[in-house]
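Chemist: First, the structure itself, so that you have it in front of you.
All of the numbers you see were taken from the coordinates with simple rules; none came from a lab. Values in this document were obtained by computation on a predicted structure and should not be read as measured data. Cβ coordinates were reconstructed from backbone atoms using ideal geometry, including for glycine residues, and neighbour counts include every protein chain displayed.
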Amino acid sequence: MTDLKPIIAKNITELRRGAGMTQIELAGKLNYSDKAVSKWEHGDSTPDINILSDIAGIFGVTVDYLLTEVHEPDADPQEKKDRVRHYQKMVTLICCAMVWLIATIVYVILRITVPDPFPSWMAFVYAVPVTCIVYLVFNSIWGNRFHNYYIISALLWSVLISVFFTLLKYNLWLLFAIGIPSQIIIFLWSRLHYRK
């Protein structure tokens, strides 16, 4: 059976040094003495499983990592970033596509169940501002916050167009006059720079 003491000792030492942490700092985070940490790192003793779990949590690794002698090298950080960004884009696109799927389902249901004069195509008109809202939420979480101003502009105009088409029989062209000062406000708001 493999002696785990030197493996755990080596891994704790490497992780602590890699994090730029002293034995005293690590001991403080674990509510142990620096002498206990020193014993662990010299292989004189091993921390119990609860402490191993705490150590793994501090350094963002698994307990299995602490017990394994050979570790695969981490992927290139840029590659990781690219994968995360790809994942974020795909989640955003899937959520936006779901809005259009729901709009299509609503359109089909309305075409089947409601008499002909009802404009079932409005489901797609309403899908545009809802898509803008979904995209705005995901861009606020993951994206470039400056792009939010473009998305808010698209949301503004798509809401105005949706209201216009909803009330088409009233011919409310003046409704778009609301969009002009609103767009100016969005533009000026985007030029505000907050100083820290």
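Chemist: Debye sum, Cα scatterers, the chain, no solvent: what log₁₀ I/I(0) at q = 0.12, 0.17 1/Å?
Modeler: The calculated log intensity ratios at q = 0.12, 0.17 Å⁻¹ are -0.78, -1.11.
Chemist: Compute the relative contact order of the chain as a whole-number percentage, counting only Cα pairs closer than 8 Å that sit 6 or more residues apart in sequence.
Modeler: Details: 141 pairs, mean separation 26.6, N = 196.
Relative contact order of the chain: 14 percent.
Chemist: Against the empirical 2.2 N^0.38 Å scaling, what ratio does the C-alpha Rg of the range 77-190 come to?
Modeler: Cα Rg divided by the expected 2.2 N^0.38 Å: 1.31.
Chemist: Please list, in chain and number order, the residues 5+ apart from Ser45 or on another chain whose amide H is under 5 Å from its amide H, with Hs placed from the backbone.
Modeler: Here Trp40 satisfy the definition.
Chemist: Once you put a point 7 Å from the Cα of Val84 and another 7 Å from the Cα of Leu4, both along the Cβ direction, what distance in nm separates them?
Modeler: 3.1
Chemist: Taking the beta-carbon count within 10 Å as an exposure proxy, list Glu41, Glu14, Glu79 from fewest neighbours to most.
Modeler: The most exposed by this proxy come first: Glu79, Glu14, Glu41.
Chemist: Any chance you could give the angle, 0 to 90 degrees and rounded to 10, that helix 77-113 forms with the longest Cα principal axis of the chain?
Modeler: Value to nearest ten degrees: 30.
Chemist: Taking the Cβ-Cβ separation of Val106 and Gln183 as r and a Förster radius of 22 Å, what is the calculated FRET efficiency to the nearest 0.05?
Modeler: For Val106 and Gln183, the calculated efficiency is 0.15.
Chemist: Another one. Which one of Met98, Ile51, Ala19 has its Cα pushed farthest toward the positive end of the charge dipole of the chain, where Lys and Arg give +1 and Asp and Glu give -1 at the Cβ?
Modeler: In the chain, that residue is Met98.
Chemist: Taking the Cα centre of the chain as the origin, how large is its charge dipole in debye, to the nearest 20, when only Lys and Arg (+1) and Asp and Glu (-1) carry charge on their Cβ atoms?
Modeler: Its charge dipole is roughly 1080 debye.
Chemist: Ratio of the range 4-67's C-alpha Rg to 2.2 N^0.38 Å, to two decimals?
Modeler: 0.94
Chemist: Expected output is a single nm value to one decimal: the length gained when fully extending between Arg191 and Tyr150, i.e. 0.36 nm times separation in residues minus the C-alpha distance. What is it?
Modeler: Difference between extended and current length: 13.5 nm.
Chemist: Turning to a different aspect of this structure: Here are some pairs, Lys5/Lys29; Lys35/Lys81; Lys35/Lys80; which of them have Cα atoms lying more than 27 Å apart in this structure?
Modeler: Table pairs above 27 Å Cα-Cα are Lys35/Lys81; Lys35/Lys80.
Chemist: In degrees from 0 to 90, rounded to the nearest 10, what is the angle of the helix 122-142 Cα long axis to the longest principal axis of the chain?
Modeler: 30
Chemist: Nearest 0.05, what FRET efficiency do Cys95 and Asp54 give at R0 = 35 Å with Cβ-Cβ as r?
Modeler: Step by step, r from the Cβ atoms, then E = 0.45.
Chemist: Can I ask one more? If one takes the longest principal axis of the Cα atoms in the chain, at what angle in degrees, from 0 to 90 and to the nearest 10, does the Cα axis of helix 179-190 lie?
Modeler: 20
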